Amino acid sequence: MTEKLLQVNSVSRSFGDLQAVKDLTMQVRGGEIFGLMGPDGAGKTTLMRIICGALLPDTGEVLVNGISMNKSPDQARSEIGYLSQRFSMYEDLTVLENLRFFAEVRGLAADVWRPRTLEILDFVGLGEFTGRLAGRLSGGMKQKLGLAASLVHRPRLLLLDEPTGGVDPVTRQDFWQLLIRLVREEHVGVLVSTPYMDEAVRCTYVGMMAAGSLVLEGPPSELRNALEGQILQLRGAPLLAWRRAAANLPDVLDIQVSGTYLHLRVAPGRARAVTRALKQLARERGLSLETLAPTDPLLEDVFNAAIVDHVSTEGLYQINGVQHD
Amino acid sequence: MIQRLRSIIRKEFIQIRRDPRTLGLIIIIPVMQLFLLGYAATNDIRNVAMAVYDLDKSEESRSLVQAYSNAEYFQVIEYVSSEEELQTLIEYGDARVGLLIPPDYSHDLNAGQTAQIGFVIDGSDPSIAKTALSSAQLIGQAYGASIQEERLVRNGMGGINFQPVEVRTQVWYNPTLEDAYFMVPGIVGMVLFTLTSMVTANSIVRERERGTIEQLIVTPIRPWEMVLGKMVPYVILAFINTGEVLLIGSLWFGVPIRGSLLLVFGLSGVFLMTSLGIGLLASTIASTQQEAMMIVYMIFLPSVFLSGFFFPIQAMPKVLQWISYGIPLRYYMSIIRALLLKGVGLPAIQTDVTLLALFGLGLLIIASVRFRKRLD
């Protein structure tokens with residue numbers, strides 16, 4: 001459980017003026033699902049590509065199961081299974097032909113890849129579709145084929161770059177079940193990037209990336225605890241007027257609208273003061289207020305807090321997908 | 001390494017098989033080109049439509065017209081009765097040339113004077129006009145000479161050799177001057193060039209375009225293994241095409257294959273290095289298959305026109321002649337024509353072969369270096 005399958009040590013990488021990854025350090029252990037969260041453009045894909053050796057870092061080092069990606073890329077890559085964001089199987093090859101090709105070019109002999117392939121296809125639920133052209137598979141099945149191909153050589157570390165992007169919710173559910181079973185049965189380490197906050201809860205460990213850095217990391221439950229007592233839920237009408245009013249309060253750091261609720265993050269220890277101020281506003285401006293109470297922090301709150309703080313301290317431009325008035 | 005290469009080659013073959021339309025095109029296009037160019041791209045001009053305006057209407061004038069139509073170059077389509085009519089026929093394109101015989105033609109001829117005739121040629125298509133012009137003069141001169149001889153005989157001076165010099169021409173390698181002899185070897189070069197460069201560029205760019213390269217990157221496949229693995233199937237196809245064109249060329253068009261077939265295929269292989277290199281280079285520049293096609297096409301056009309495929313290099317302006325030295329197809333054209341038509345051995349074409357091989361190596365090296373960079 002404690003072996004470090006992946007070590008990323010102070011890795012940086014720039015594209016021209018843009019620093020996509022900044023002095024980033026992280027680890028993934030066996031049996032762990034490390035969720036890499038963050039808005040588009042945070043540098044998740046660049047980091048993934050550096051880890052699998054498709055991009056060279058400007059500085060820093062990547063070790064896969066203790067093997068340096070810089071020094072012996074082939075050996076390091078043989079420990080990695082990689083599922084890219086885009087479907088990367090040959091559409092004009094059948095399921096089995098695809099797996100055979102990727103197994104053979106990784107040096108697996110026929111008596112190794114044949115049983116392994118059948119085992120994996122059964123595992124992901126494609127056992128009946130070996131003869132089907134990959135291009136004729138549904139979106140979810142394509143994703144499973146990609147997963148199967150990345151597992152065919154029994155890698156210790158699995159890199160999944162937004163594997164559930166553009167896939168329907170049922171298939172997403174399915175995919176995560178597979179992943180959790182995989183970690184339990186084969187004791188691999190998984191690094192998975194995803195833009196979906198709800199998927200973070202399924203990870204054993206999450207890291208939040210913003211503007212090329214890991215701004216926050218830890219087990220999901222611990223992260224949530226950090227914001228205990230800082231989140232208020234407000235229900236009232238008109239919601240837009242409430243939103244404007246709340247934004248004017250200096251102690252309100254962040255506002256999220258979710259359905260008929262406002263989700264307010266307030267400065268530490270200021271929950272009571274904000275509650276009092278909002279109630280006063282309701283009287284003064286004649287706004288109706290149904291509920292106003294502290295609530296359990298969501299991971300979204302944690303990430304938004306981390307990003308807003310990070311951006312304000314680093315003085316960076318506003319990041320996509322984060323609202324702060 | 002060998003296993004990886006074998007897997008890539010097998011994968012490419014499966015993909016070729018799964019795309020029967022493309023495979024069909026690869027097999028059919030050379031045959032189409034062969035028949036199109038073998039027949040359509042001909043400079044043989046025969047049976048040019050001729051209108052005759054005969055004002056003399058004598059036995060002598062009819063015999064002159066007969067002399068022109070006997071030669072197969074001209075075909076009398078109409079006798080006209082006015083100059084306007086002649087002009088209309090040429091304007092409408094019904095006639096390409098007009099023969100004008102003045103009213104005093106037979107009179108002058110019988111009086112021993114020089115009789116004049118007029119010959120009008122539609123110059124809007126220079127290649128027809130040139131042939132018409134020279135054949136009109138030749139026929140006229142020959143006819144004049146025969147009249148001269150007749151006169152001499154009539155005057156009792158027969159048997160005198162009135163022609164001091166006689167040029168006896170002999171055309172080697174292509175005695176009947178068949179255009180197909182010239183075109184067919186050229187088509188071999190064109191087919192090899194288009195097929196290999198376009199298909200190589202496309203099949204590599206496709207890996208990038210479809211995202212499969214992402215998965216290839218995390219495998220131990222080396223860039224050169226991928227390139228070689230992709231090339232092998234298409235080189236085999238290219239050789240099949242070569243055989244196809246040569247077979248039809250010799251059976252249908254009667255083009256001789258005088259040189260050694262081994263040399264033909266071997267040197268075609270050398271030429272393939274250059275077109276594979278060009279295809280590979282295009283794939284490192286292009287990011288979509290369309291772009292790759294455009295780039296290859298950009299190289300293809302000047303190659304076809306400056307290689308001597310259609311137009312003789314010697315007839316080009318000096319600048320274009322210099323540029324043509326930078327076109328690999330040029331060397332292959334002269335090699336393959338020499339091999340097929342003249343049946344020469346290696347010594348006669350060694351300069352072209354050496355330059356072609358250098359080009360091939362250079363292109364492949366540059367392309368591989370660039371290709372490696374794009375993968376990282």
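The values are calculated or read from the model by the stated rules, or taken from the named source; none is laboratory data. Predicted model only: the values in this text are computed from it and were never measured. Neighbour counts are summed over all protein chains in view; Cβ atoms, including those assigned to glycine, are modelled from backbone coordinates with ideal geometry.
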Task: Of all residues making up segment B:31-67, the number that are assigned to a helix (DSSP H, G or I) and within 30 Å of B:PRO312 (Cα to Cα) - done: 9
Task: Filtered residues of segment A:268-298 (kept if closer than 14 Å to A:PRO238 by Cβ and either assigned to a loop (DSSP other than H, G, I, E, B) or acidic (Asp, Glu) (or both)) - done: A:GLY286, A:LEU287, A:GLU290
Open item on the list: Report every pair of residues separated by at least 6 positions or lying on different chains whose Cβ atoms are under 7 Å apart, first residue within segment A:61-76 and more than 13 Å from chain B (Cβ to nearest Cβ), second hydroxyl-bearing (Ser, Thr, Tyr).
Closed with: A:GLU61/A:SER68
- [ ] Looking for whichever is more than 30 Å from B:PRO185 (Cα to Cα) and surrounded by 14 or more Cβ atoms within 10 Å (Cβ to Cβ) here; the options are B:VAL97, B:VAL31. Which one fits?
- [x] B:VAL97
Open item on the list: Being closer than 30 Å to B:GLY343 by Cβ and outside any helix (DSSP H, G or I) narrows it down to one residue among B:THR169, B:THR219; which is it?
Closed with: B:THR169
- [ ] Hey, could you check segment B:189-227 for residues that are of a type in the set (A, V, I, L, M, F, W, C) and closer than 17 Å to B:ILE299 by Cα and say which is farthest from the other protein chains (Cβ to nearest Cβ)?
- [x] B:MET190
- [ ] Among the residues of segment A:81-111, count how many are surrounded by fewer than 15 Cβ atoms within 10 Å (Cβ to Cβ) and away from chain B (no Cβ under 11 Å).
- [x] 1
Task: Condition met for B:SER283 (part of a helix (DSSP H, G or I) and either modelled with pLDDT under 90 or touching a Pro at 6+ places or on another chain (Cβ under 8 Å) (or both)) - done: yes
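Here's the yes/no breakdown for (1) surrounded by 16 or more Cβ atoms within 10 Å (Cβ to Cβ); (2) under 30 Å from B:GLY243 (Cα atoms); (3) over 26 Å from the mean Cα position of the chain (by Cα); (4) away from chain A (no Cβ under 14 Å):
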position	(1), (2), (3), (4)
B:SER124	no, no, no, yes
B:ILE128	yes, no, no, yes
B:THR131	yes, no, no, yes
B:ARG154	no, no, yes, yes
B:ALA180	yes, yes, no, yes
B:ILE187	yes, yes, no, yes
Open item on the list: Suppose the filter is in contact with a strand residue (DSSP E or B) (Cβ under 7 Å, 6 or more places away or on another chain), among the charged types (D, E, K, R) and either within 14 Å of another protein chain (Cβ to nearest Cβ) or on the phi < 0 side of the Ramachandran plot (or both); does A:GLU128 pass it?
Closed with: no
- [ ] Look at A:LEU118 and say whether it is more than 9 Å from chain B (Cβ to nearest Cβ) and within 19 Å of B:MET226 (Cβ to Cβ).
- [x] no
Task: Failed condition for A:GLN143, given (1) under 26 Å from A:GLY31 (Cα atoms); (2) within 14 Å of chain B (Cβ to nearest Cβ); (3) outside any helix (DSSP H, G or I) - done: (3)
